[in-house]
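Structure first, then comments.
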Amino acid sequence: MILPLIRTRLLFSNATKGISRQTILNHIPRPTTTTRRFASLPGFPRPTGYPQPQRQRFGSNDGYERFESSRQAFYKSKRLWVFVGTGTVLFGGYYVTHLETVPLSGRLRFMDVTPRQEEAMARQAYSEVMAQFGNRILPSFHPDTRFVAKVAKRIVKVSGMDNLEWEFHVIDSPEPNAFVLPGGKVFVFTGILPIVKNEDGMAAVLGHEIAHQLARHSAEKLSFAKVILAFQITLMLFGIDPTYIFNQLALNFVISKPFSRKCETEADAIGLQLMAQACYNPEEAVNMWKRMEKSGHGDIPQFMSTHPSHRNRVDFLEKEMPKALAKRSSSDCTTELKDFADMFSSLWER
Ligand SMILES: [Zn+2]
């Protein structure tokens, strides 16, 4: 028992030594900002015997000070500004030369994905969807598949894009939904069929999906993502963490969702024209969305959604209706609308 006691006393005495030195240091008044400022003036006698201001303590020979000055130099570096300036001019030029106008809506957009790149993207997306839904796809002889194929054939014909390898699949799933993959692969869920109700209603759904393809909305979304990425990289060059500006919430609610809704509205407008050109009753598009609203499916507040609310969709389609009805009465219902096809063909040139 004796030995440990001696050790404890020794430890205690060492500890008190340390504390008392620290206590003394703590009792010496530290220089305030004002005294520090005066202390650095030439000729002002620097008091000795207590800690120096931090910047003085890490002298220029110290690695820490060098690191600090090199960080400042990074922001002030001429080379960085030349680099960023050149980058901005080059990207600005690239951006401007890759702007195009979407026919019908007249919307100006940035597009730098070629149809060939889109094809590669399409193959990837197709295999992913097939892996997920492949075993639930109804056979081609199934009445539902034949119903969808019949309407699709008429709309594809007037779209002027019958050279594309279109595929129309029906997935046996209660979800009232439909989607299109780049490359013209359209998937319709059986859950939407009771809401679609008739051929005109189906034409409204398919017209919308085919319109996404015609206007190359998937390629546009990819191009848009590249612009966001370029901006994020520029922020990082300046040492700004892009997540402060582009946090998930801001990215979703301020940029991505309104952008998606714009594409949806555009697809509604083009789709309505397509179904009218194919001599389906465009007014059934309004009825179909009213039935969707009644079914209570998927109507979340518009600002939270990638799609316009059902009510806004109905209002928009009703506004577009006179043009659609005029198109329907002037259409011979069978021949491809040449000027319509020509309008969109420019988007597929590169
Ligand atoms: Zn859509």
For this session: Find how many whole Å separate the alpha carbon centroid of segment 128-194 from the alpha carbon centroid of segment 304-333.
Result: 22
Exercise. Semi-axes of segment 98-348's equivalent ellipsoid from the Cα gyration tensor, sqrt of 5 times each eigenvalue, largest first, rounded to whole Å?
Worked result: 30, 21, 20
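Take the residue pairs LYS153/LYS290; LYS226/LYS319; LYS76/LYS221 and return only those whose Cα atoms are more than 29 Å apart.
Over 29 Å apart, Cα to Cα: LYS226/LYS319; LYS76/LYS221.
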Problem set entry | Gain upon complete extension [LEU108, ALA125; 0.36 nm per residue less C-alpha separation] | 3.5 nm
For this session: Between GLN117 and VAL96, with labels modelled 7 Å along Cα→Cβ, what's the label distance in nm to one decimal, could you check?
Result: 2.1
For this session: Calculate, for PHE133 and THR86, the FRET efficiency according to 1/(1 + (r/R0)^6) with r their C-beta to C-beta distance and R0 56 Å; round to the nearest 0.05.
Result: 0.75
For this session: May I ask you to compute the full-extension gain from ASN198 to SER331, defined as 0.36 nm times their residue separation minus their alpha-carbon distance, rounded to one decimal in nm?
Result: 45.8 nm
Exercise. What FRET efficiency do you get for ARG79 and LEU229 if R0 is 25 Å and r is their Cβ-Cβ distance, rounded to the nearest 0.05?
Worked result: 0.60
For this session: Would you mind computing, in nm to one decimal, how far apart the modelled labels at LYS153 and LEU237 are, each placed 7 Å from Cα along Cα→Cβ?
Result: 5.5
Exercise. DSSP beta bridges in segment 98-348, what fraction antiparallel, as a percent rounded to 5?
Worked result: 60
Exercise. For LYS294 and PHE259, what is the calculated FRET efficiency with R₀ set at 30 Å and r taken between the beta-carbons, to the nearest 0.05?
Worked result: 0.55
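Since every read-out is calculated from the coordinates, none of them should be taken as a lab result. In this text the structure is predicted, and so the values were computed from the model without any measurement. Quick reminder, even Gly has a Cβ in these numbers, built from the backbone with ideal geometry, and neighbours come from all protein chains shown.
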